[in-house]
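Heads up, the thing below is written out as structure tokens.
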């Protein structure tokens, strides 16, 4: 299913999400980010939201502006952050601070050479960390982006993209899950 078909399948009760998705996926709706960065962030966010049709549709759209290697970099960010966000959220939230001093012991080699520009990788990592609710990771990626002279507005745009993509994924998943039950009730 392409992105336009997915957008049209967003239920009317969530029409604001349809409008917001259109907005955040264009440069005027995501100030400070390039079209390619918007696509990479959206792709990583869809992966973090675990909605395969949306992930596929965004990958197809983003491939118009990004190379296969750059798409792989966004996927790498989603994969690594899926692991890191759980681990570091635990070390940050557990009351025993001893865990923060222990070596993580997790392989993260991909972070040094993710396949895309370092800033793009950090933007994707920030977006995924926001979806996964890891404050420690969000703080770390935000600081790194600011060191690379990325504006607060661009950082906010990345998180807005993540929030909208996540909401669209959740809504589409629930609408799809509810559809058979609604059809069964209508037939009864």
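Quick note: the coordinates plus some simple rules give every number you see, no bench work behind them. Here the structure is a predicted model, which is why all the values come from computation and not from measurement. Reconstructed Cβ throughout: ideal geometry from the backbone, glycine too, with neighbour counts over all protein chains shown.
Could you grab me the full set of residues in region 34-52 that are out of contact with any helix residue (DSSP H, G or I) (no Cβ under 6 Å at 6 or more places or on another chain), under 15 Å from residue 174 (Cα atoms) and in contact (Cβ under 8 Å) with a residue 24 or more places away in the chain? Listed by number, the list holds a single entry, 50. Considered as a group, the residues in region 87-130 that are more than 26 Å from residue 69 (Cα to Cα) and touching a residue at least 12 places away in the same chain (Cβ under 8 Å) include one that is surrounded by the fewest Cβ atoms within 10 Å (Cβ to Cβ), and that residue is 104.
Residues are listed down the side, and each one gets a yes or a no for (1) crowded, with 23+ Cβ neighbours inside 10 Å; (2) without any contact (Cβ under 8 Å) to a residue 40 or more places away in the chain; (3) in contact with a helix residue (DSSP H, G or I) (Cβ under 7 Å, 6 or more places away or on another chain); (4) at negative phi:
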position: 20; (1), (2), (3), (4): no, no, yes, yes
position: 27; (1), (2), (3), (4): no, yes, yes, yes
position: 32; (1), (2), (3), (4): no, no, yes, no
position: 56; (1), (2), (3), (4): no, no, no, yes
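Looking at region 1-51 only, could you name the residues that are under 16 Å from residue 62 (Cβ atoms), in a loop (DSSP other than H, G, I, E, B) and over 13 Å from the mean Cα position of the chain (by Cα)?
Matches in region 1-51: 1, 2, 26, 27, 29, 30, 33, 34.
Within region 131-142, being without any contact (Cβ under 8 Å) to a residue 40 or more places away in the chain and crowded, with 24+ Cβ neighbours inside 10 Å holds for one residue alone: 141.
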